[in-house]
Amino acid sequence: MAGTAAGIDRLTGRAAEIDSPAKLATLLEEHDYLADEGLATAAFLALRMGRPLFLEGEAGVGKTELAKTLASILDAPLIRLQCYEGLDAAQALYDWDFARQLLHLKAAEAAGVTDVRALEGEIYDRRFLVARPLLRALETWPCVLLVDEVDRADDEFEAFLLEVLSDFTISVPELGTIRAETPPVVVVTSNRTREVHEALKRRCLYHWIEHPAFEREVAILLRRLPACTEELAAEVADAAGRLRRADLVKPPGVAETLDWTEALLTLGAARLDPGLAAVTLGALLKYREDQETVWRDGLLGAASPGGGGGGGGRA
Amino acid sequence: MPELRGGGTGDDRAALVSTLTGFARTLRAAGVAADHQRTQGFLAALRELDVRERRDVYWAGRLTLCSGPDDLDRYDRCFAAYFGGERPGPAHRVPAVTVTRFVARPGDTGDQDERHEADAAAATASEIEVLRHRDVARMTAAERREVARLLGMLRSAREQRRSRRRAPSHRGALDGRGTVREAVRRGGEPARLRFRDRKEKPRRVVMLVDVSGSMAAYADTLLRFAHALVRAEPRATEVFSVGTRLTRVTAELRHRDPAVAMDAVSAAIPDWSGGTRLGEELKELLRLSDVRGAIVVIASDGWERGDASLLGRQMERLSRLAHRVIWVNPHKGDPAYRPLTAGMRAALPHITDFVAGHSLAAYEELARLLGEGGSRPGGHAVRAAGDAVRAGDGIPAGDGRGMPDA
Ligand SMILES: Nc1ncnc2c1ncn2[C@@H]1O[C@H](COP(=O)(O)OP(=O)(O)OP(=O)(O)O)[C@@H](O)[C@H]1O
Ligand SMILES: [Mg+2]
């Protein structure tokens, strides 16, 4: 009940227009992001329920891009916390600006103030606090907070992330508790290199993003690369689908099919020509052994123009 | 309380809520962690959607009740079974599985003997000493239970590495917070500068246990060893079973009670006693898991059914990423053993340590390797009756080949 009430409060401005997953999908599309039903529903519920959205999926399926696009739809700043091993509270939450604090102490000493209580009161003031992404997100409204690749951080970090996401407060021992008036829209992403703690996931809506289906990938290519022909888009998406079903070290994500298509277009391709495919394959597959697999097993062969008209039927 | 849209009123709504919570219960029974809090989330999500729409119910449930890709297939099956109709949602990529669970192991005798042996008191210290060097594959069920008990008590210290996190120290980076605190205490007088240095943290271990047919006599014991590792360092240990597919069993092994953990693991592993396609599974591992800087332990006899050259290539990649790669082969305990299988030969050039894994003593040695980070003989770590724990006192013997700890 309380959760829903908070959810309604936050639906002012742009968010108020979004009354269904379909409506959100339309807005995302206007910003060149093509979401399927599941992802649109996930993001819709995250907005309506005020719950963080936890996105997992292989590299390049559009996790980070979704958060960015939500920010543009809501006309809100994106506050991004990129996670890495060793990320700690001073980098994620807040830090004291100790250089300024020391200068202030020096001035106070010169002015004859030596009472510890008085000094503490002056020194531990909000103006000496440097807000890092999590604190900044609580103090900014509206905003979209992106906690990107949380699996890269250590589990100690998960503990304080959980605290922040549970009640949208941060307590600074010397200062007190800082509370978000209205919670930010939160997107947490993971590549699943490590299992993220259950308690954190329980706070969130969980969505696993799959690689796009054939039709949607074609649509993404056409949308993002206006110079691309429908034939080329279909052939590229068909080849990408085939490579994802094959056993590769790193199957291509949307990011890679976009790069590949762009490379093909630069070379003037209107169809997926085997010769051009050969010289551009590095844009699609980052590992040498994957490229070798593709040649050895003839995985691109069927996508060549000789492979039978119309181009790119699904297997 | 806002209504479930399309939920009618009164009795209708009560019936609807009980239908929905019944679905969550069904999921729980199928092994999805759809607890009370999640169920409340499910109902809350449906208040924002249309409960008359099958796909709204599908997505509301999937988004609130599932917590990993492993849940999705179970979710879809339960959804179709509970609400009827087509299996909804997109198809998930499910690797091929061979389901042949192993039940009896060589040396296992009937019920009667089991009960008789269960009465026997725990082994004495001298019996333990004999047991320590016995090959697990040739043990009776009672001896194996004793080994399981001892493994349950294994205290495995973990090699430490320096992290980016810092703790107070005499060297390292300037500690602004500490310096200011000190200055305030001294009434504003500029104090000595304080420093913080990097803290140590346990090095991650990723262990793969081969559960194929040729390893059947050892798989159970190896998984118990893995359980001890997980219990000792739950956040710095990952365990997978390998066979015809790769299965992550870390969560199952987090149960404190070894019996519960082992039951959970055997339910989670779909490919007991099949073949081994280690090359392909290592590839999958490198995709799923971050092995950078980790100690990777592979417990297998190297009886590779797949392409040995693929295995060799994956081992090479693995050895580049991992801090060290330890191969545990139960047959290595036999002095006459030579690593002749194609798989073993392909893997050997990329291994840091090649150790036996057939007896309690061998597992203790392995535990010591994980604690010290180097090959040094002596010392064992099982706390048995009257047996003191020998803590590793060695200095990690870095081999200079692993990745730096950045
Ligand atoms: N549904 C989509 N609609 C439009 N563009 C998309 C979509 N999905 C992905 N893209 C494009 O693919 C690229 C990669 O997406 P993004 O960086 O968000 O992937 P990611 O899942 O965050 O990957 P990583 O795990 O590597 O960080 C983006 O540049 C984006 O333009
Ligand atoms: Mg990303």
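Could you give me the ³J(HN,Hα) list for region A:170-177, computed from phi with Karplus coefficients 6.51, -1.76, 1.60 and θ = phi - 60°, whole Hz, x at Gly and Pro?
3J(HN,Hα) across region A:170-177, in whole Hz: 10, 9, 9, x, 7, 10, x, 9.
Would you please give the residues with an amide H less than 5 Å from that of A:Tyr94, counting only those at least 5 places away or on a separate chain, with H modeled from the backbone geometry?
For A:Tyr94, whose amide H was placed from the backbone, the distant partners under 5 Å are A:Arg132.
Once the Cβ-Cβ distance between B:Thr21 and A:Arg100 is put in as r, and R0 is 60 Å, what FRET efficiency do you end up with, to the nearest 0.05?
0.65
Length gain on complete extension for the stretch A:Ala89 to A:Val172, per 0.36 nm per residue less the alpha carbon to alpha carbon distance? Present the calculation step by step, with values, prior to reporting the outcome.
Details: separation 83, 0.36 × 83 = 29.88 nm, distance 1.09 nm.
Here the answer is 28.8 nm.
Can you classify region A:106-226 as rounded, prolate or oblate using the Cα gyration tensor, where a ≥ b ≥ c are the square roots of its eigenvalues, rounded means a/c under 1.5, and otherwise it's prolate if a/b beats b/c and oblate if not?
The shape class here is prolate.
Translational diffusion coefficient, Stokes-Einstein: compute it for chain A using the Kirkwood radius over C-alpha pairs as Rh, at 10 °C and 1.306 mPa s, and state it as an integer in µm² s⁻¹.
Details: Rh = 22.2 Å.
Using the Kirkwood radius from Cα pairs, D works out to 72 µm²/s.
Each residue of region B:278-287 in order: what ³J(HN,Hα) in whole Hz does its phi give by Karplus 6.51 cos²θ - 1.76 cosθ + 1.60, θ = phi - 60°, with x for Gly and Pro?
My calculation for region B:278-287 gives 5, x, 5, 6, 5, 4, 4, 4, 5, 7 Hz in order.
Taking H as built 1.01 Å from N, whose amide H comes closer than 5 Å to the amide H of B:Ile298, not counting residues under 5 places away?
Amide H neighbours of B:Ile298, under 5 Å, 5+ apart: B:Leu208, B:Ile326, B:Trp327, B:Val328.
Exceeding 29 Å between C-alpha atoms, which entries from my cross-link table qualify? They are A:Lys201/A:Lys250; A:Lys201/B:Lys283; A:Lys23/A:Lys286; A:Lys68/A:Lys250; A:Lys286/B:Lys201; B:Lys283/B:Lys332.
From A:Lys201/A:Lys250; A:Lys201/B:Lys283; A:Lys23/A:Lys286; A:Lys68/A:Lys250; A:Lys286/B:Lys201; B:Lys283/B:Lys332, over 29 Å: A:Lys23/A:Lys286; A:Lys286/B:Lys201.
Would you mind classifying region A:214-298 by shape? Square roots of the alpha carbon gyration tensor eigenvalues, ordered a ≥ b ≥ c; an a/c under 1.5 is rounded, otherwise it is prolate if a/b is larger than b/c and oblate if not. Could you put the intermediate results ahead of the total?
Working: a/c = 1.86, a/b = 1.41, b/c = 1.32.
Prolate shape, in that a/c is at least 1.5 and a/b is the bigger ratio.
Which order do peptides B:245-256, A:41-52, B:339-350 fall in by mean Cβ count within 10 Å, highest first? List each step's numbers first, then the result.
Working: B:245-256: 19.7, A:41-52: 25.1, B:339-350: 18.1.
Top to bottom by mean Cβ count within 10 Å: A:41-52, B:245-256, B:339-350.
Can you bin region B:205-391 into rounded, prolate or oblate? Criterion: square roots of the alpha carbon gyration tensor eigenvalues sorted a ≥ b ≥ c, rounded for a/c under 1.5, prolate for a/b above b/c, oblate for the rest.
Rounded is the answer for region B:205-391, as its axis ratio a/c remains below 1.5.
Calculate the mean, over all residues of peptide B:55-68, of how many other protein chain Cβ atoms lie within 10 angstrom of the residue's Cβ.
Taking all residues of B:55-68 together, the mean is 6.
Obtain the nm distance between the two label points defined at B:Arg54 and A:Lys286 by a simple spin-label model: each point lies 7 Å from its Cα along the Cα-to-C-beta direction.
It is 4.0 nm.
Sort A:172-181, A:85-94 for me by packing, meaning the mean count of neighbouring Cβ atoms within 10 Å per residue, highest on top.
Sorting A:172-181, A:85-94 by mean packing, highest first, produces A:85-94, A:172-181.
Take B:Arg186 and A:Ala213, extend 7 Å from each Cα along the Cα→Cβ direction, and tell me the distance between the two endpoints in nm.
Computed distance between label sites B:Arg186 and A:Ala213 equals 7.0 nm.
For B:Leu348 and A:Glu120, what does the FRET efficiency come to when R0 = 45 Å and r is the distance between their Cβ atoms, rounded to the nearest 0.05?
Here the calculated transfer efficiency is 0.10.
If you count, for every residue in B:37-47, the Cβ atoms of partner chains within 10 Å of its Cβ, what is the mean?
What the average comes to for B:37-47 is 3.
Amide H of A:Val147: which non-local residues (sequence gap of 5 or more, or other chain) have their own amide H closer than 5 Å, using H built in the peptide plane?
Placed amide hydrogens put A:Leu81, A:Val187, A:Val188, A:Thr189 under 5 Å from A:Val147.
Starting from the Cα of A:Leu276, move 7 Å in the Cα-to-Cβ direction to define the label point; list residues of region A:221-249 whose amide nitrogen is under 20 Å from there.
Zone members listed by number: A:221-243.
What angle, in degrees between 0 and 90 and rounded to the nearest 10, separates the Cα long axis of helix A:98-110 from the longest principal axis of the Cα atoms of chain A?
With rounding to tens, the tilt is 20 degrees.
Taking the Cα-to-Cβ direction at A:Glu198 and at B:Asp35 and moving 7 Å from each Cα, how far apart do the two end points lie in nm?
Output for this residue pair reads 0.6 nm.
Distance from the Cα centre of region A:90-149 to that of region A:189-233, in angstrom?
Centre-to-centre (Cα) distance: 39 Å.
What are the ³J(HN,Hα) couplings of region A:200-217, residue after residue, when phi is run through the Karplus curve with 6.51, -1.76, 1.60 and θ = phi - 60°? Round to Hz, x for glycine and proline.
5, 5, 5, 6, 10, 8, 9, 9, 9, 8, 8, 4, x, 5, 3, 4, 6, 5
Just so you know, all these numbers are worked out from the coordinates, no wet-lab data involved. Everything quoted here is computed from the prediction, not taken from an experiment. Please note: Cβ atoms are built from the backbone with ideal geometry, for glycine as well, and neighbour counts cover all protein chains shown.
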